Amino acid sequence: RLAAARVAEELGEPLGARAGYAVRFESKVSPQTRLRFVTEGLLLRRLQADPELRGISAVLLDEFHERHLHTDLALTLLRRLQRGPRPDLKLLVMSATLDAGPVAAYLDAPILGSEGRAHPVELRHAPRPDDRPLPLRVAEAVDRLFQEGLPGHALVFLPGAAEIRACTAALADCAHRRDLRLWPLHGELSNEAQRAALAPSERPKVILSTNVAESSVTLEGIAGVIDSGQGREALHSPWSGLSSLRTVRISQARCLQRMGRAGRTGPGLCLRLFTEAEFKARPAFDVPELQRADLAEPLLLLHGLGIPVPDELDWFEVPPPEGLEAAERLL
């Protein structure tokens with residue numbers, strides 16, 4: 001929604017004219033729409049309803065480094081379509097932190113560089129490991145940022161809505177003393193609440209966000225980022241059939257993505273609530289969701305598309321055989 005609104009604004013047109021969006025249960029498009037922003041889930045539903053994507057000349061997969069289950073499956077199916085009945089279909093994969101080599105080889109495509117304007121970001125790690133509760137560490141870091149005279153707003157990255165609520169409560173005293181506004185930002189909020197968090201503000205504010213802010217449009221006035229280094233990750237056990245959501249240490253790529261949010265509109269400062277040694281010990285990239293999630297849904301989609309044997313697909317990265325077997329048994 002935010003990306004479509006930004007593009008429509010830059011075109012000088014209302015949302016839903018040339019640029020529109022479609023998400024689950026909601027869309028803002030018209031017969032004039034040429035550029036449609038959709039979720040990966042809706043893209044797969046479109047492929048299921050119209051396997052040849054009639055009327056679509058190009059598909060752009062953005063923020064590919066996040067490697068969602070639907071993203072990997074969409075890339076595999078789009079490449080299959082391109083090699084079959086739609087050789088004219090243009091595919092573009094984009095990311096600021098992606099290892100582009102494997103994707104370029106899979107698509108047999110060139111790598112294009114777009115060096116956006118980046119402002120310098122001062123990076124500070126925690127001097128030593130700190131096992132105090134996360135809300136306490138966040139409150140201390142926010143207080144330190146504004147005590148040093150942060151010339152703008154602050155963005156705090158947290159793993160989930162529960163941590164956002166806990167940190168909001170812990171920041172109440174600091175917010176009162178320094179006249180700060182506290183705004184939560186996560187996927188469970190209404191459109192109005194999300195827009196309110198991102199709206200321009202003369203009064204300094206602290207946005208407490210999940211990973212949704214990692215890849216959103218530029219947040220105006222963000223001069224400081226506080227990174228907890230944590231995120232939520234869905235896991236599935238093929239032998240037990242149980243799925244779980246756990247808090248994990250995010251990869252180096254996602255840490256860099258978060259740090260970059262402080263340098264979009266001017267010089268910034270990033271405080272990491274973990275040590276430099278801990279950062280270097282993290283994996284370079286997250287494990288793709290296709291390698292660790294329940295595969296029943298994508299397998300059901302493949303059956304619906306008339307692809308009963310996943311081995312027939314030229315996957316970008318082949319999912320684990322035990323995961324496919326467990327999904328087939330479940331179905």
Suppose the chain between residue 179 and residue 247 were pulled fully straight at 0.36 nm per residue; how much longer would it get relative to their current alpha carbon spacing? 21.3 nm
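Over region 1-118, what is the relative contact order in whole percent, taking alpha-carbon pairs under 8 Å and six or more residues apart?
Working: 130 pairs, mean separation 19.8, N = 118.
Over region 1-118, the number comes to 17 percent.
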What full-extension length gain, to one decimal in nm, is calculated for residue 83 and residue 331 as 0.36 nm per residue of separation minus the Cα-Cα distance? 86.4 nm
Determine the per residue accessible area of region 40-112 with all protein chains present and a 1.4 angstrom probe, expressed in square angstrom. 51
Of all the accessible heavy-atom surface of the chain, with the other protein chains kept in place and a 1.4 Å probe, what percent is carbon and sulfur? 53
Build a GNM of the chain with springs between Cα atoms under 10 Å: which of 254, 24, 124 gets the top mean-square fluctuation? 24
Using a cut-off of under 17 Å, list every residue of region 57-92 whose amide N is near the label point 7 Å from the Cα of residue 112 along the Cα-to-beta-carbon line. 57-64, 88-92
Highest average packing first - 154-160, 288-294, 298-304, 87-93, Cβ atoms within 10 Å: 154-160, 288-294, 298-304, 87-93
(1) 154; (2) 143; (3) 185: which one is volume of the Cα convex hull per residue in Å³ as calculated from this entry? (1)
Excluding residues fewer than 8 positions from residue 90 in its own chain, the lysines with Cα under 29 Å of it are 28
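Given a 1.4 Å probe, how much area per residue of region 113-270 is accessible, in Å²?
I get 50 Å² per residue for this part.
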Given the options 226, 56, 207, state which has the largest fluctuation in a GNM of the chain using a 10 Å cut-off (strictly under) for Cα springs. 56
Tell me what the chain gives for mean residue ellipticity at 222 nm when only DSSP H runs of n ≥ 4 count, each as -39,500 (n - 2.57), the sum divided by the residue total, rounded to 500 deg cm²/dmol. -10000 deg cm²/dmol
Along Cα→Cβ, 7 Å out, is where each label goes; now give me the distance between the ones at residue 265 and residue 303 in nm to one decimal. 5.0
Of 13, 214, 192, which has the largest mean-square fluctuation in a 10 Å C-alpha GNM of the chain? 192
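The values are calculated or read from the model by the stated rules, or taken from the named source; none is laboratory data. In this text the structure is predicted, and so the values were computed from the model without any measurement. Cβ sites come from the backbone with ideal geometry, for glycine too, and all protein chains shown count toward neighbours. Accessible surface is based on the protein model in full, side chains and every heavy atom, while ligands, DNA and RNA are left aside. Shrake-Rupley method; radii C 1.70, N 1.55, O 1.52, S 1.80 Å.
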